[in-house]
């Protein structure tokens, strides 16, 4: 059964069950997005995936698109209803609060109807200790519900750190310098189904000021599946290998995500909002792109438009295919393990303590 889904060449389209600008943008890019009326007449199974979008205002919609693209481009036989919601405690402008009120769903409504899988994004930390973050209790409420009702939760960056602390008592450690750039990685467990049919070495973007080490996770019995060449963790899971999937990197990032983040940090430094001048993302810019950016910073910044169009032609995306493969494997496992009734966590016969054991 497992091999059937890995080799399927069908596309699982997103379903536009709510009006959302990001879905229209993705449709305009050429990716298939079904209207509900058409989706209801297709005799294939649907999956309902939650996206808890905790990103700050400037990255909120870009993050929507990044995860929607990954979900919608997976090669599986299913239709995807993506239920996007946020939580209280994250600083928001009035305009963003209005956007969320109009386009996002409420967590309580999502929970009442159930989900097959859940993605939780990171966000910009405000405090050194995660326990002081104003959104933490709401985030933990989502974790508690998902742990009893969702087949698998995929955590990104800060969400992974919050899960490490809450479920395993593992605290993150501050880095002396921000981990920022595109870094080489290798697969440590080639037999794990989340990593089936992907390259054993590949790139992944990172952007974080804290980390949890591989040795710390392994000491707590958590499998580390992918690590950087320096040993830093990119992908790990809960002890059962599936119920929680932890990303410390950002495979969902677009080609220009790191560049936009660098510009944001550079502007903050220029305005005196940050005491430290940001360093360029590592292993990201070609020599030609570096020269173009240096010329802009010396002669145009910040009074002229940032040269995104020119730089976009000089920056390579070396992680997109791997990101698609990881997400395709994750969604394929959910497809095989979760119940047709999305209010039930797993199909009959699956042991919640060892869901992957059902596939062996």
Positions within the stretch 322-351 being surrounded by fewer than 14 Cβ atoms within 10 Å (Cβ to Cβ) and closer than 22 Å to residue 191 by Cβ, in sequence order: 351
Where residue 88 falls short, out of the listed (1) surrounded by fewer than 12 Cβ atoms within 10 Å (Cβ to Cβ); (2) under 23 Å from residue 352 (Cβ atoms); (3) touching a residue at least 12 places away in the same chain (Cβ under 8 Å): (2)
Filtered residues of the stretch 285-307 (kept if touching a helix residue (DSSP H, G or I) at 6+ places or on another chain (Cβ under 9 Å), closer than 17 Å to residue 181 by Cα and touching a residue at least 24 places away in the same chain (Cβ under 8 Å)): 285, 289
Residues that are surrounded by 13 or more Cβ atoms within 10 Å (Cβ to Cβ) and either more than 27 Å from residue 139 (Cβ to Cβ) or out of contact with any strand residue (DSSP E or B) (no Cβ under 9 Å at 6 or more places or on another chain) (or both), drawn from the stretch 173-182: 181, 182
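Name every residue in the stretch 158-172 that is surrounded by fewer than 23 Cβ atoms within 10 Å (Cβ to Cβ) and either outside the structural domain of residue 337 (by TED's automatic domain parsing) or within 16 Å of the chain's Cα centre (by Cα) (or both), in order of residue number.
Of the stretch 158-172, the ones surrounded by fewer than 23 Cβ atoms within 10 Å (Cβ to Cβ) are 163, 165-171.
Hit for the stretch 158-172 is 163, nothing else.
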Candidate set: the stretch 106-140, residues that are part of a loop (DSSP other than H, G, I, E, B) and under 21 Å from residue 243 (Cβ atoms); chosen: the one nearest to the chain's Cα centre (by Cα): 121
Odd one out for residue 218 among (1) outside the structural domain of residue 130 (by TED's automatic domain parsing); (2) over 30 Å from residue 68 (Cβ atoms); (3) in contact with a strand residue (DSSP E or B) (Cβ under 7 Å, 6 or more places away or on another chain): (1)
The stretch 63-80, residues that are out of contact with any helix residue (DSSP H, G or I) (no Cβ under 7 Å at 6 or more places or on another chain), at pLDDT below 95 and within 20 Å of residue 110 (Cα to Cα): none
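The values are calculated or read from the model by the stated rules, or taken from the named source; none is laboratory data. Keep in mind the model is a prediction, meaning the values are calculated, not measured. Cβ atoms come from the backbone with ideal geometry, glycine included; neighbour counts cover every protein chain shown.
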